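So the structure is just underneath, and the comments pick up after that.
The values are calculated or read from the model by the stated rules, or taken from the named source; none is laboratory data. The shown structure was predicted, so the numbers you read here are calculated from the model rather than taken from an experiment. For neighbour counting, all protein chains shown are included, and Cβ atoms are generated from backbone atoms with ideal geometry for every residue, glycine included.
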């Protein structure tokens, strides 16, 4: 039976005991994280973990990470701290401040992990290995920092396999002893909202996932 990960998440958010808990959130990029942060920042104390060794080109990697930092700065400047109501105005949102941690940029690790799958089509086994690589480091760092939950923004993309991402997350949850937050962020208009927020914050929005293989495939599609 297909699971509704969006409803599972809603159930967790309705539990007031979870409010204010610490979420270690893997982010693939600023545009994808925009809706997720807007949605969850009133419930969790979020640390964004930017860990994407799959991004092949250095210039692309650093452009994306700077956009992530810029978005978080903007979103933090617009909020009222939910704990004490400081700086409240009609234009601010009551939520927890968002932190960010940048992981290591390990291109070699990515290439070694997907060796032999270079010709695999986007969305296949190569991508599953990439999901696991990024989520594993997220779970590890979440455990080390004492977070209550970990999850990823990747499920917001219509091109990503949400069921596989949740499956991997739940396996790592058992392995590392930290709760995984189920999600399918594209549901409930989440993907469309991320597009709107990208325009609102004037975010750089790339048209491929990040690795050289996805870039080549995307360029072929455009031709």
From (1) over 26 Å from residue 137 (Cα atoms); (2) in contact (Cβ under 8 Å) with a residue 12 or more places away in the chain, pick out the condition that doesn't hold for residue 182.
(1)
Please work out if residue 148 is modelled with pLDDT of 95 or more and more than 23 Å from residue 103 (Cα to Cα).
no
If we keep just the residues of segment 121-171 that are in a loop (DSSP other than H, G, I, E, B) and without any contact (Cβ under 8 Å) to a residue 40 or more places away in the chain, which is surrounded by the fewest Cβ atoms within 10 Å (Cβ to Cβ)?
158
Among (1) part of a loop (DSSP other than H, G, I, E, B); (2) surrounded by fewer than 16 Cβ atoms within 10 Å (Cβ to Cβ); (3) touching a strand residue (DSSP E or B) at 6+ places or on another chain (Cβ under 6 Å); (4) modelled with pLDDT of 95 or more, there is one condition residue 115 misses while meeting the rest; what is its number?
(3)
Output for segment 42-60, where each listed residue is over 13 Å from the mean Cα position of the chain (by Cα) and without any contact (Cβ under 8 Å) to a residue 60 or more places away in the chain
42, 43, 45, 58, 59
Could you please give the count of residues in segment 172-210 that are within 30 Å of residue 76 (Cβ to Cβ) and assigned to a loop (DSSP other than H, G, I, E, B)?
20
